[in-house]
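The values are calculated or read from the model by the stated rules, or taken from the named source; none is laboratory data. All values reported here derive from a predicted model rather than from experimental measurement. Here Cβ is always computed from backbone atoms with ideal geometry, including for glycine, and neighbour counts include all displayed protein chains. Side chains included, ligands, DNA and RNA excluded: accessible areas come from the protein's heavy atoms. Shrake-Rupley method; radii C 1.70, N 1.55, O 1.52, S 1.80 Å.
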There are 2 protein chains.
Amino acid sequence: MSTYTTSELNQVKRGAKRAVYDVEQINNILDAGFVGYVGYNYNGKAICLPMAYGRIDNKIYLHGSLKNRMLLALLEAKEASMTIMHLDALILARSGFHHSVNYRSATLFTSITKVENRAEKEAALKCVVDHMIPGRWDTLRPMNLKEFNGTLVLEMEIQTASAKIRDVGVLDEKSDLDLPIWAGVIPIRQVAKLPVKDPLLPKQIRTPKHVVLYYKKNKA
Amino acid sequence: MSTYTTSELNQVKRGAKRAVYDVEQINNILDAGFVGYVGYNYNGKAICLPMAYGRIDNKIYLHGSLKNRMLLALLEAKEASMTIMHLDALILARSGFHHSVNYRSATLFTSITKVENRAEKEAALKCVVDHMIPGRWDTLRPMNLKEFNGTLVLEMEIQTASAKIRDVGVLDEKSDLDLPIWAGVIPIRQVAKLPVKDPLLPKQIRTPKHVVLYYKKNKA
């Protein structure tokens, strides 16, 4: 079991008992989603934007247009941070103060480099698509040179990271427990609805296994 | 219908045809969630963290501990930006290049001030709780002075904003339409599961109307 080294940068201060530095647990959080929030500096302002990502080992891949303002700013800064959060439940306590949510959240601090090597760039783009829906890439029309050359791919190598996980019920003051106030947990899930085929799809093409599997795994 | 003024800061460059500056549409995006990603600078690094928020008119409220590193950094910077995104669908195209998602995303650029006035602070905290689940605050044990004084509340007044909305189907190259590749849309929803009452709840307390309503509105 390996863990990320803690420093001023990634050490969780608020709610430290919920802090996680374990690499495998953090990878599980990363692999449970495919949209992360990436922070960048624009004229001294910290802006964050949602980005699709994929992961291979300790590397995260982003992609976008060659002119993407955020990607170019990250490349210039040579470093980035990204946060991913999954909301798991609303925690409805007897006081406003103890209202909370259950969640799994990870924040990564990474270096940034541009992926130029053709094989690595293709592997990164495959990884981003397959991260969204496993097994998709190999069923697709291969990239052409125009698409390939028109796409900027960045590699974020994780330098350090931290996560926070809350997965317990209502934690109220003892003195509040007898109050006539309902308290409890409302679980929250992100689910997939039935896939809808493109109206232009030739009639004989059936829903492929990877789409059926994705739906079965993610339906309500 | 009012719209936010565009400048270098908030003008959407990539995918400009999906850009939205309309105040009402942006408010709808804000009101469809209660967790936003707030960017801040820490030693020159742009970090973003998920925060619960509430909205009253053009003001967003955040809260946290008096020692919260991010909130204190925002207060010092006197400005902030926040991004909220709702994922609505996976767009599975015939090429990797045209894979996409449907989403509603808003990025706000705001001033930051500390809320000190007692009535305003209480209104802000009520707004945050009711933003998570409408009608909750008035059923709760009122805040005590210790909780009240131990909570830092920041007001983010929206100076400008932009949003992006994608809500269409697969957009493939014409030359790819006859390929034997499945293409389509997988709708994604965030849903609530059945509320689970706190095991310590006195038996006679029934699930209140606001919890039932939330569940009915958000169930799969």
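Using only alpha carbon pairs under 8 Å that are at least six residues apart, calculate the relative contact order of chain B and give it in whole percent. Display every interim value, and only then the final one.
Details: 381 pairs, mean separation 55.1, N = 220.
The normalised contact order for chain B reaches 25 percent.
Helix A:209-218 versus the longest principal axis of chain A: what angle, 0 to 90°, nearest 10, using Cα atoms? The two axes meet at around 10 degrees. Residues in the stretch A:189-197 carry Karplus couplings, in order, of 9, 9, 10, 9, 9, 4, x, 10, 6 Hz; the curve used is 6.51 cos²θ - 1.76 cosθ + 1.60 with θ = phi - 60°, and Gly or Pro positions show x. Sorted from closest to farthest, the other copies place their A:Gln11 label points 4.5 nm away, with each point set 7 Å from Cα along Cα→Cβ.
A 1.4 Å probe, protein heavy atoms only, puts the accessible area of B:Lys193 near 80 Å².
Placing unit charges on the Cβ atoms only, positive for Lys and Arg and negative for Asp and Glu, gives chain B a dipole magnitude near 860 debye about its Cα centre.
Take peptide A:101-109, look around each residue's Cβ out to 10 angstrom, count Cβ atoms belonging to other protein chains, and average those counts. Provide the component values of the computation, followed by the final result.
Values: counts 5, 0, 2, 0, 3, 0, 4, 0, 2.
Mean number of neighbouring Cβ atoms from other chains: 2.
When nucleic acids and ligands are ignored and a 1.4 Å probe is applied, A:Arg141 ends up with an accessible area of around 40 Å².
Order B:Thr139, B:Thr3 by their accessible area, 1.4 angstrom probe, all chains in place, largest first.
Numbers: B:Thr139 55, B:Thr3 85 Å².
In descending accessible area the options line up as B:Thr3, B:Thr139.
Pairing chains B and A buries close to 7400 square angstrom of accessible surface in total, based on protein heavy atoms and a 1.4 angstrom probe. Partner shielding of A:169-180 amounts to 3, given as the average count of beta-carbon atoms from other chains within 10 Å of each residue beta-carbon.
Per-residue Karplus couplings for the stretch B:101-115, computed as 6.51 cos²θ - 1.76 cosθ + 1.60 with θ equal to phi - 60°, are listed in order as 9, 8, 7, 10, 10, 10, 10, 10, 10, 9, 7, 10, 9, 8, 8 Hz, Gly and Pro entered as x. For chain B, the calculated P(r), taken from all Cα-Cα distances in 5 Å bins from zero up to the bin holding the longest distance, is 1, 6, 11, 15, 15, 14, 13, 10, 7, 4, 2, 1, 1, 0 percent. Sorted shortest first, the distances from the A:Arg189 label point to those of the same residue in the other copies are 1.3 nm; each point sits 7 Å from Cα along Cα-to-Cβ. Taken one residue at a time, the phi angles of the stretch A:135-143 give Karplus couplings (6.51, -1.76, 1.60, θ = phi - 60°) of x, 6, 3, 5, 8, 9, 5, x, 4 Hz. Gly and Pro are set to x. Residues A:Ser81, A:Ser7, sorted by accessible area with the largest first, give A:Ser7, A:Ser81 [1.4 Å probe; ligands and nucleic acids excluded].
Taking chain A as a Gaussian network of alpha-carbon nodes connected by springs under 10 Å, the highest mean-square fluctuation of the residues A:Lys13, A:Lys59, A:Lys174 belongs to A:Lys174. Report relative contact order for the stretch A:59-136 in percent, whole number only (criteria: Cα-Cα under 8 Å, sequence separation at least 6). Once divided by the residue count of the stretch A:59-136, the mean separation gives 30 percent. Solvent exposure of chain B, expressed per residue, is 48 Å² of accessible area, with all protein chains present and a 1.4 angstrom probe.
If you put +1 on each Lys and Arg Cβ and -1 on each Asp and Glu Cβ, how big is the dipole of the protein assembly as shown around its Cα centre, in Debye rounded to 20? Can you show the working numbers first?
Values: 62 positive and 44 negative charges, 220 e Å.
Taking the Cα centre of the protein assembly as shown as origin, the dipole is about 1060 debye.
Find me the longest stretch of chain A that has none of the exposed GluC sites (Glu not before Pro), where exposed means in a DSSP loop (not H, G, I, E or B) with at most 13 other Cβ atoms within 10 Å. Spell out each step's value before the answer.
Working: sites that count: A:Glu8, A:Glu116.
In short, A:9-115.
Take B:Lys78, push a point 7 Å out from Cα through the beta-carbon direction, and compare it with the same point in every other copy: 3.2 nm, smallest first.
Close amide H pairs (under 5 Å, H built 1.01 Å from N) link A:Asp198 with B:Ala183, B:Gly184, B:Val185, residues at least 5 positions away or on another chain. By the beta carbon rule, with partners counted only under 4.7 Å, the protein assembly as shown holds these lone Cys residues: A:Cys127, B:Cys127. Here the ratio of the Cα radius of gyration of the protein assembly as shown to 2.2 N^0.38 Å is 1.00. Helical content alone sets the calculated 222 nm signal of chain A at -6500 deg cm²/dmol, taking -39,500 (n - 2.57) per DSSP H segment of four or more residues and averaging over every residue.
For the pair A:Lys13 and A:Ala32, label points projected 7 Å from Cα toward Cβ lie 2.6 nm apart. Taking a straight line from the alpha carbon of A:Lys217, these aspartates and glutamates sit under 17 Å away, with near neighbours fewer than eight places off in the same chain left out: A:Asp31, A:Asp88, A:Asp130.
Remark: relative contact order (the stretch A:34-80) = 32 percent; criterion is Cα-Cα distance under 8 angstrom and separation of 6 or more residues.
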